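*Asks:* First the structure, then my questions, so here it is.
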Amino acid sequence: MRKRGPELPGILLTGGGTGGHLSIVRSIKEELTERGIRPLYIGSESGQDRAWFDKDVDFKAKLFLPTRGVVNQKGYAKLSSMAQMLKATLQARSFIKEHAVEAVLSVGGFSAAPASFGAILTRTPLFIHEQNAVSGRLNRMLKPFCERFFSSYGKDRIDYPVGERFFESARSRTEVKTVIFLGGSQGARAINDFALELAPGLQKRNIRIIHQTGKIDYDRVSTAYGQMGIEADIFAFDKELYKKISLADFAVSRAGASTLWELAANQIPTLFVPYPYAAKDHQYHNARYLKERNAGWIVRQNELRSDLFWDIIEKEDIAATSQRLKSLITPQGARKIVKVLLKGTSKNPML
C-alpha cells in the first residue's frame, strides 16, 4: 500500500440498503485504500449498511442516517419520509463540508439520496454507478446532474467493480462436478425448492451440492436434505461466499448485478432465475445481457423445470460458456472508476 499524508483528497462513497449496492462500495473502498486513501461513507440506519460498515476501520469517517424510501410511500407516510429525507440531506451537506469532500460516488439505493443531494447543494462533483441493466429511479433522476455515469451495460459500459478475490480464484469449468444454488442472503424459496427437487438426481450422478438457503428457510431445507439422506454443504449466509463459489462448476442463481458479475468473474456458467418482483424486472435484463452473448441461461421462476436444468448440464457446452465469461469482465472495474474519481481532485495522488 502506498502510504500518504493528510493531503490526500476526500472521497465520499454513498449508497446501500442491499448487499448488491454495498459490495460495490466495498470494492471501490478497497481500491482507494490500496492507494493510501481512507474514504468517507454515508449510508442509512435501515437496510444492511450498518451491518456491513459500522466497524470498518478503512473509512476515515462514517455517517448513518435514519432514512427510508419515499417513492412507494403514500399519504402521511410519504410526507414524513420526505421531511426525514430533507433533514438527512442537510446533515449530509454538513458532513461533506466538514470533511472537505472533493468527489462523491453514489452506488444507488435510497441510502444514497441524502449524500447525492448534498453533493449537488455543495457543488461537489457527483459520480453515479448504476449496477443494473435498467436504472433505478434515483439514478435516473440524478443522472443529468452528475459528472460521470458508470454502468456495466450499454454505452456507459465499464467493467463491474468486482472484488479481486473472485478473479484470483477463477478457473475454466469443463465439466460439472459441483453445483451451487444461490438465492441471496435473504434466500429464495423457489430456488430452494428447485434444489431439493434436483438433489436426488444430483446425488445419483455424484454431483456435489453447495446451497445458500437464506436465514428464514435454512431449517426447512436442512431438514429436507437430511430426510432424503443427501449430504450437502448448506449454509444461510457466508461473508466469504467467494470461497464457496470457487468450488462450484455450475450455479443456479438470482440475477442481482453483483452476484451475476461475481459469477462471471469466477467463470461459472449459470442458470439465472430472476427475482420476479424486482423493480422494472431489472434482474431479467441483467441476465439477458449474458444470455445474448451465449454466456449464461435464463428461466422465469414460474417456468422452472428439472428437465431444463438437465438439458443444460448434459447437452450444453459448459467449457465454451466458461471461456466466454472470461472475455466479458476484467479485474479493472474498481481501478478505472477510482481513476476517474481522482482525476479532478486538487490533491490527486499518483494514478
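*Asks:* If a residue counts only when it is without any contact (Cβ under 8 Å) to a residue 24 or more places away in the chain and open to solvent by 50 Å² or more (accessible area, probe 1.4 Å), which helices (runs of 4 or more DSSP H) contained entirely in segment 90-187 have at least 2 such residues?
*Replies:* 137-142
*Asks:* In this structure, is residue 37 in a loop (DSSP other than H, G, I, E, B), crowded, with 20+ Cβ neighbours inside 10 Å and at pLDDT 90 or above?
*Replies:* So residue 37 fits the description; yes.
*Asks:* From the set of residues in segment 66-96 that are at pLDDT 60 or above, within 17 Å of residue 16 (Cα to Cα) and among the β-branched types (Val, Ile, Thr), which is farthest from the chain's Cα centre (by Cα)?
*Replies:* 89
*Asks:* Do we have residue 215 as out of contact with any Leu (no Cβ under 6 Å at 6 or more places or on another chain), at negative phi and surrounded by fewer than 14 Cβ atoms within 10 Å (Cβ to Cβ) here?
*Replies:* Yes.
To keep it simple, each residue is scored yes or no on (1) open to solvent by 30 Å² or more (accessible area, probe 1.4 Å); (2) part of a helix (DSSP H, G or I); (3) farther than 18 Å from residue 23 by Cα.
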| residue | (1), (2), (3) |
| --- | --- |
| 192 | no, yes, yes |
| 197 | yes, yes, yes |
| 206 | yes, no, yes |
| 211 | no, no, yes |
| 222 | yes, yes, yes |
| 238 | yes, no, no |
| 242 | yes, yes, no |
| 252 | no, no, yes |
| 261 | no, yes, no |
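*Asks:* Only one of these conditions is not met by residue 327: (1) touching a residue at least 12 places away in the same chain (Cβ under 8 Å); (2) surrounded by fewer than 17 Cβ atoms within 10 Å (Cβ to Cβ); (3) under 21 Å from the mean Cα position of the chain (by Cα). Which number is it?
*Replies:* So the condition that residue 327 fails would be (1).
*Asks:* Mind listing just one residue for me: the one in segment 17-34 that is part of a helix (DSSP H, G or I) and β-branched (Val, Ile, Thr) and, of those, surrounded by the fewest Cβ atoms within 10 Å (Cβ to Cβ)?
*Replies:* That would be 33.
*Asks:* Quick check on my filter: what residues within segment 301-313 are open to solvent by 40 Å² or more (accessible area, probe 1.4 Å) and closer than 16 Å to residue 200 by Cβ?
*Replies:* If the condition is that a residue be open to solvent by 40 Å² or more (accessible area, probe 1.4 Å) and closer than 16 Å to residue 200 by Cβ, then 305, 307 are the ones that fit.
*Asks:* Checking residue 276 against (1) assigned to a loop (DSSP other than H, G, I, E, B); (2) surrounded by fewer than 19 Cβ atoms within 10 Å (Cβ to Cβ); (3) in contact (Cβ under 8 Å) with a residue 60 or more places away in the chain, only one condition comes out false. Which one?
*Replies:* For residue 276, the exception is condition (3).
The values are calculated or read from the model by the stated rules, or taken from the named source; none is laboratory data. What you see is a predicted model, and the numbers here were worked out from it, not measured in a lab. Neighbour counts are summed over all protein chains in view; Cβ atoms, including those assigned to glycine, are modelled from backbone coordinates with ideal geometry. Accessible surface is based on the protein model in full, side chains and every heavy atom, while ligands, DNA and RNA are left aside. Shrake-Rupley method; radii C 1.70, N 1.55, O 1.52, S 1.80 Å.
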